[in-house]
Amino acid sequence: SEQRRADDLAVELRAAQQSERLKDILLSTVSHELRTPLSVIRGHATMAIEYGDRLDRSDFMKSFGEIDKYARLLERLVSDLLTMSQLDAGTLDMDVRPTDAGTLVREAVDAMRVCGMDREVRVSIRASAVQVVADAGRLRQVLMNLLENADKYSPSGLPIEISVAAEHNDSVTIAVRDFGPGVSAHELDRIFDRLYRGHTSANTHGAGLGLAICRSIAEAHGGVLSAALPESGAGLEMELTLPRGV
């Protein structure tokens with residue numbers, strides 16, 4: 001009995017140490033991710049203020065375009081942190097009800113267009129009028145994140161594919177496939193870890209929280225989010241399986 005209590009305390013201690021270590025890494029990562037957009041925003045704002053009378057309209061609008069772009073990055077980071085904290089605390093509010101899967105897919109694609117994505121997106125609704133039991137807003141957030149990742153890591157000129165299929169009576173699968181570099185087989189589950197970033201470059205931003213949040217939201221719906229390597233060709237396929245509505 002004493003040994004069991006000692007073992008339990010040791011497990012709790014290791015968990016607490018791991019939690020603190022993760023918090024330290026998260027703070028360091030977030031601080032780094034905050035600095036870049038803040039520096040860009042401040043630089044362009046300063047240039048517009050100090051040299052606005054000498055800039056032509058195109059340069060002026062370019063500066064404000066960059067300010068808008070990096071302000072959106074900050075907004076996404078803050079939103080991800082808030083969602084993650086709510087998931088950890090079990091306080092994430094969800095309005096779950098039967099929702100048409102095809103409609104949500106089209107809405108997510110349209111929203112990404114509004115956000116500036118101009119890549120070709122091939123939409124395939126293999127089952128019409130299929131409902132999932134979901135919070136429409138949260139699910140749309142997941143789909144937009146998956147589309148954003150596919151766009152971010154795909155070479156210019158290649159399409160993204162998103163499909164809805166209901167091969168089983170009790171579930172619906174929404175798949176997002178890109179034709180980018182993909183990941184190695186051993187990374188297929190690691191990419192859902194917090195702060196994990198499989199591909200980094202000067203053109204990619206983020207703290208590595210998006211897929212972890214997406215998986216947690218999927219699980220909160222009683223669903224599953226997984227990654228797979230396509231049977232043919234390059235790229236990565238993300239599969240979101242959710243309970244089917246009535």
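Some points to look at:
- Restricting Arg138, Arg177 to residues that are within 12 Å of Glu237 (Cα to Cα), in contact with an Asp or Glu (Cβ under 9 Å, 6 or more places away or on another chain) and touching a residue at least 60 places away in the same chain (Cβ under 8 Å) narrows the list to Arg177.
- Test result for Leu195, open to solvent by less than 10 Å² (accessible area, probe 1.4 Å) and under 15 Å from the mean Cα position of the chain (by Cα): no
- Met94 vs. criteria out of contact with any Lys or Arg (no Cβ under 7 Å at 6 or more places or on another chain) and either open to solvent by less than 60 Å² (accessible area, probe 1.4 Å) or at pLDDT below 90 (or both): no
- Of all residues in segment 101-114, exactly one satisfies the criterion of being open to solvent by 70 Å² or more (accessible area, probe 1.4 Å) and in contact (Cβ under 8 Å) with a residue 24 or more places away in the chain, namely Glu107.
- Residue check for Ser63: at pLDDT 80 or above, farther than 30 Å from His221 by Cα and buried (at least 17 other Cβ atoms within 10 Å of the Cβ): yes
- The single condition from (1) at pLDDT 90 or above; (2) open to solvent by 40 Å² or more (accessible area, probe 1.4 Å); (3) not in a loop (DSSP other than H, G, I, E, B) that Gln141 fails is (1).
- In segment 119-130, of all residues being modelled with pLDDT under 90 and on the phi < 0 side of the Ramachandran plot, the one that is most open to solvent (accessible area, probe 1.4 Å) corresponds to Arg126.
- Filter result (among the small types (Gly, Ala, Ser) and over 20 Å from Leu146 (Cβ atoms)) within segment 82-112: Ser85, Ala89, Gly90
- Taken as a whole, segment 148-155 holds at least one residue that is outside any strand (DSSP E or B), at pLDDT 90 or above, open to solvent by less than 60 Å² (accessible area, probe 1.4 Å) and charged (D, E, K, R).
- Some residue of segment 76-86 being surrounded by fewer than 11 Cβ atoms within 10 Å (Cβ to Cβ), modelled with pLDDT of 75 or more and among the basic types (Lys, Arg): no
- Residue check, Val176 assigned to a strand (DSSP E or B) and closer than 24 Å to Ser79 by Cα: yes
- Test: Ser171 is among the hydroxyl-bearing types (Ser, Thr, Tyr), out of contact with any Cys (no Cβ under 9 Å at 6 or more places or on another chain) and exposed (fewer than 14 other Cβ atoms within 10 Å of the Cβ): no
The values are calculated or read from the model by the stated rules, or taken from the named source; none is laboratory data. Just so it is clear, the structure is predicted and the values come from calculations on it, not from any experiment. Every residue, glycine as well, gets a Cβ built from its backbone with ideal geometry; the counts of neighbours run over all protein chains shown. Note: areas computed on protein heavy atoms with side chains; ligands, DNA, RNA excluded. Shrake-Rupley method; radii C 1.70, N 1.55, O 1.52, S 1.80 Å.
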